[in-house]
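Visitor: Dropping a structure here in structure tokens format, bear with me for questions.
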Amino acid sequence: MLNVKNLKAKIDGKEILKGLNIEVKPGEVHAIMGPNGSGKSTLSNVLAGRDNYDATDGTVMFEGKDLLTLLPEDRAREGIFLAFQYPVEIPGVSNLEFLKTSLECLHTYQKKPLLSAVEFMKLAREKCRLVDLDTGFLKRGVNEGFSGGEKKRNEIMQMLMLEPKLCLLDETDSGLDIDALKVVADGINQLRSPDRSFILITHYQRLLDYVQPDFVHVLADGKIIKSGGSELALELEEKGYSWLESGTEQSANPLKV
Amino acid sequence: MNNLQQITTDFSNEHTSQKNLWLQGIRDAASERLKALQLPTQKTEDWKYLKLEELLADEQLDVQSMQVRNSKSDDDIDELLSQSLIKDLNAYRLVFVNGVFVNGLSHLDSNPYSTLFSEANTAQQQLIVDHLDTSHNYYHDYFSSLNSAQLEDGLLIHIPEHCEVDKPFYIVNLTQGDQPKTNMMRLLIIAETGSKATIIEHEDAPLKHTSMVNTVIECFVNDKAHITHSRLQLDESVTSICNHRVKQGHHSTYQQHQISLASKLKRNDLTVSLQGEYASNDIRGSFYGRHQQTIDNHICMQHIAPNCSSNEVFRGLVDDQANAVFNGRIHIHPNAQKTLAELSNKNLLLSSTATINTKPELEIYADDVRCSHGATVGQINSEALFYLQSRGIPRVEAKRLLSLAFIAEIVEQLPHNSVREFVTQRSSSLLSSLHHEGER
């Protein structure tokens, strides 16, 4: 599904990703962990196509298409979804209008039948309930005045609505209390299917208690320096990252996934 | 010499109107003022951002006074109206097409509050003469003097004491067919003590025909009277110069909502005089310019009496090579203690070649007042743009949503659901034509 090879990326002239490799097959859940400043968020932003996150080398293929040449909106239409680390507040654009426009854009592109106004409302209300958001929020501005937890739940709500093929979750678990964390995890688990994949970017083991990953990768200094199964996350939680960063032999011989 | 100056000269020398002789005093006084006035230039502070002579160079400024047509409308006007009117608005409708009052389409008979100057009875004539051109120190104003000098007819809305008008007045000004002459519009609103009314003005040119309109509006909001006034300037093809003056008595309120599309030239001058204590004034406006259009907004808030409040909020959207001006002035006179005055103008530049000049001004001669003013000029928030794009919404559509969001605060406060929906729909379809070649 997603194949990233030797990806290098710069922000403001500074190289952040220094030759990153990762392959994600349909149905897999990958967790990417790593210390602050290792390039985790850069990776998700490069994949989603944010301005000023320029890939300088390497390739990113998504279902056989060269992702790096696509506009952000086309990446979304191809089925990539980024749950933002810091969702943006957009006063004046209601959640309802936003979701409706988004869904119509995706469905038109994917040649799916458009929902009627009634069907759309029904779907939106149902997904709101799933993430424990009051349906009254649909009439409010996008993320306007939302608490941190509500913003993250809104990201999951959008993900449930749009049903992407590849979900990138950029520290969606950070800043959440335990109830909200469960809601987020439930949202992810509900969407898990043999043809849908996830990349969970996280600092902590916490989320992985609820969402069992197939693979865990450690990202440090712009490269994946270690990969393993879900047990690796537990090890990291216990030992921290320093034992990996000091051990250079690991980066020379990363595990094949 | 500009066409317009030529006209003025001809006019003040030769023109003697036979119509409505009781207005002759008004005309003569204005003609006299005009002799000392000339077309403003960029050296005039209030006009410094406009190349007026250039903008008006092509206008054929022969003057067409307000007229009345008593017959029923013809088919094409019916068609035009059905396309452009606000639907489901229960109102006293007053329709002008090319400055001609169309009786057949208007509710003049069922409406005891409105009359044309030409049909005014003696008492109304006296009322008109007593009020016209008294609302403001207009001596420096060229265009309103021109309007008065050629005054033949006008519309009076007179709300008696303590009368609460049951439905809004809906004044429609349509342009149909390219008009070689300048239309003169004149509106006089007198709200007597304790009265209450809503006025909705709607200017439109659905077929993009061109014309020039010189409008003067005078509102007298007497003690404890309440007026809500919406002005929808939705014509992009009409060159318009509008002088609007409001005079308020004590404990009166005047609320205005203005939605303006720019055109080749659209100039709005609004002067408010708060003359009675505890008067309150609230103005919300948004304007949008694109292509090579020009829009120039001037608001002057005169705090004359103590204990009054005023609040002005304007949002501007400027695209392409359009040129927009916002000049908001708050003038607090020595006697106007305990004034509360606020002014905010925020602008969004949608292209790197658009221009906005915003100039908030405070002039304060009293020492116990609370005033604030602010202006900002910005661009579309790139974070918000990316957020929308990342959900599959094309950049152009995302820009449209964000532009609409920027003026939503103004549009949402329009009185009447049907007006709000009408404006939302119009602005939405207008902004969907947003496009920027060469940008990604």
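The values are calculated or read from the model by the stated rules, or taken from the named source; none is laboratory data. Only a predicted model underlies this, so the values are computations on that prediction, with no experimental measurement involved. Ideal geometry is used to build each Cβ from the backbone, glycine not excepted, and the neighbour counts take in all protein chains shown. These accessible areas exclude ligands, DNA and RNA; they are computed on the full protein's heavy atoms, side chains included. Shrake-Rupley method; radii C 1.70, N 1.55, O 1.52, S 1.80 Å.
Visitor: Averaged over its residues, how many other protein chain Cβ atoms are within 10 Å of peptide A:86-92's Cβ atoms?
Guide: Taking the mean over all residues of the peptide, I get 6.
Visitor: Just the accessible area per residue of region A:1-47, please: how many Å² with a 1.4 Å probe?
Guide: 36
Visitor: If packing is taken as the average count of other Cβ atoms within 10 Å, what order do B:401-408, A:101-108 fall into, highest mean first?
Guide: Going by the mean number of other Cβ atoms within 10 Å, highest first, we get B:401-408, A:101-108.
Visitor: Sticking with this structure for a sec: Which order do peptides A:186-197, A:151-162 fall in by mean Cβ count within 10 Å, highest first?
Guide: A:151-162, A:186-197
Visitor: May I pose another question? Among A:226-235, B:338-347, what's the highest-first ranking by average C-beta atoms within 10 angstrom per residue?
Guide: B:338-347, A:226-235
Visitor: A further question on this structure: Among A:139/B:48; A:40/A:182; A:14/A:112, which pairs are too far apart, with a Cα-Cα distance over 32 Å?
Guide: Violating the 32 Å Cα-Cα cut-off are A:139/B:48; A:14/A:112.
Visitor: Can I ask one more? With viscosity set to 1.002 mPa s and temperature to 20 °C, compute the Stokes-Einstein D of region B:382-440, Rh being the Kirkwood radius across alpha carbon pairs; µm²/s, no decimals.
Guide: D, rounded to a whole number, is 172 µm²/s.
Visitor: Work out, in µm²/s and without decimals, the Stokes-Einstein translational diffusion coefficient of region B:3-381 at 4 °C, 1.567 mPa s, Rh from Kirkwood over C-alpha pairs.
Guide: Answer from the Stokes-Einstein relation: 61 µm²/s.
Visitor: What value, in deg cm²/dmol to 500, does the helix sum -39500 (n - 2.57) over DSSP H runs of n ≥ 4 give at 222 nm once divided by the residues of the protein assembly as shown?
Guide: Value at 222 nm, helices only, nearest 500: -8500 deg cm²/dmol.
Visitor: When the scattering of region A:25-159 is computed by the Debye formula from its Cα atoms alone, each counted once and equally, what is log10 I(q)/I(0) at q = 0.10, 0.17, 0.19 Å⁻¹?
Guide: -0.40, -1.11, -1.29
Visitor: Under 5 Å between amide hydrogens, which residues at least 5 positions from residue B:290 or on another chain qualify, with H placed 1.01 Å from N in the peptide plane?
Guide: When sequence neighbours closer than 5 places are left aside, the close amide H contacts are B:262, B:319.
Visitor: Related question: Under 5 Å between amide H atoms, partner at least 5 residues away or on a different chain: which partners does residue A:92 have, H built in plane at 1.01 Å?
Guide: When sequence neighbours closer than 5 places are left aside, the close amide H contacts are A:141, A:142.
Visitor: Pairing the Cα long axis of helix A:178-191 with the longest principal axis of chain A, what angle in degrees results, from 0 to 90 and rounded to the nearest 10?
Guide: Helix A:178-191 sits at roughly 90 degrees to that axis.
Visitor: For region A:118-227, with every protein chain kept in place, what is the accessible area per residue (1.4 Å probe, Å²)?
Guide: 39
Visitor: Counting only other chains, what is the mean number of Cβ atoms within 10 angstrom of the Cβ of each residue in peptide A:45-51?
Guide: Mean shielding by partner chains, rounded to a whole number: 3.
Visitor: So what are the ³J(HN,Hα) numbers for region A:73-83, from phi and the Karplus equation (6.51, -1.76, 1.60; θ = phi - 60°), rounded to whole Hz, Gly and Pro as x?
Guide: 5, 6, 4, 4, 5, 6, x, 9, 10, 10, 7
Visitor: Can you tell me the 0 to 90 degree angle between the C-alpha axis of helix A:95-109 and the longest principal axis of chain A, rounded to 10?
Guide: That helix lies at roughly 70 degrees to the long axis.
Visitor: Another one. Using the Karplus curve 6.51 cos²θ - 1.76 cosθ + 1.60 with θ = phi - 60°, what ³J(HN,Hα) values do you get for each residue of region B:201-216, in whole Hz, with x for Gly and Pro?
Guide: Result, rounded to whole Hz: 9, 9, 9, 8, 9, x, 9, 6, 6, 9, 6, 10, 10, 10, 10, 10.
Visitor: Okay, next question. Quick one: Debye curve from the alpha-carbon atoms of region B:240-371 only, equal weights, vacuum; give me log10 I(q)/I(0) at q = 0.12, 0.16 Å⁻¹ to two decimals.
Guide: For the requested q values the scattering log ratios are -0.46, -0.74.
Visitor: Which angle between 0 and 90 degrees, to the nearest 10, do you get for helix A:117-130 versus the longest principal axis of chain A when only C-alpha atoms count?
Guide: That helix lies at roughly 50 degrees to the long axis.
Visitor: Could you order B:363, A:89 by accessible surface area, starting with the largest, using a probe radius of 1.4 Å?
Guide: A:89, B:363
Visitor: Accessible area of the protein assembly as shown with a 1.4 Å probe: how many percent of it is carbon plus sulfur?
Guide: 47
Visitor: Name the residues whose placed amide hydrogens come within less than 5 Å of the amide hydrogen of residue B:240, ignoring near sequence neighbours (fewer than 5 apart) on the same chain.
Guide: Amide H neighbours of residue B:240, under 5 Å, 5+ apart: B:213, B:265, B:266, B:267.
Visitor: Given 0.36 nm per residue, what is the gain on full extension from residue A:57 to residue A:118 after removing their alpha carbon distance, in nm?
Guide: Using 0.36 nm per residue and subtracting the Cα-Cα distance, I get 17.3 nm.
Visitor: Right, here's the next one. Take the alpha carbon atoms of region A:12-89, find their center, do the same for region A:163-195, and report the distance between the two centers in whole angstrom.
Guide: Cα centres, region A:12-89 to region A:163-195: 17 Å.
Visitor: Among rounded, prolate and oblate, which fits chain A when a ≥ b ≥ c are the square roots of the eigenvalues of its C-alpha gyration tensor, a/c under 1.5 means rounded, and a/b larger than b/c means prolate?
Guide: Prolate.
Visitor: Checking the cross-link filter: which aspartates and glutamates have an alpha carbon closer than 12 Å to that of residue A:65, excluding same-chain neighbours under 8 positions apart?
Guide: Within the straight-line cut-off, residue A:65 pairs with A:74, A:78.
Visitor: Further question: In whole Hz, with x marking every Gly and Pro, tabulate ³J(HN,Hα) for region B:397-412 from phi via Karplus 6.51 cos²θ - 1.76 cosθ + 1.60, θ = phi - 60°.
Guide: In residue order, the calculated couplings are 5, 4, 4, 4, 4, 6, 5, 4, 4, 5, 9, 4, 4, 7, 4, 5 Hz.
Visitor: Using a probe radius of 1.4 Å on protein heavy atoms only, what is the accessible area buried between chains B and A, both sides summed, to the nearest 100 Å²?
Guide: For B against A, buried area totals roughly 2100 Å².
Visitor: Moving to a separate point now. With every protein chain present, what accessible area does residue A:223 have (1.4 Å probe, heavy atoms only), rounded to the nearest 10 Å²?
Guide: 100
Visitor: Using only the Cα atoms of the protein assembly as shown, what do you get for the radius of gyration and for Dmax, in Å?
Guide: Rg then Dmax for the protein assembly as shown, in Å: 31.4, 104.
Visitor: Cα convex hull of region A:115-202: how many Å³ per residue?
Guide: Dividing the Cα hull volume of region A:115-202 by its residue count gives 96 Å³.
Visitor: Another one. Need one value for B:373-385: mean number of C-beta atoms belonging to other chains within 10 Å of its residues' C-beta atoms.
Guide: Per residue, the average neighbour count from other chains is 2.
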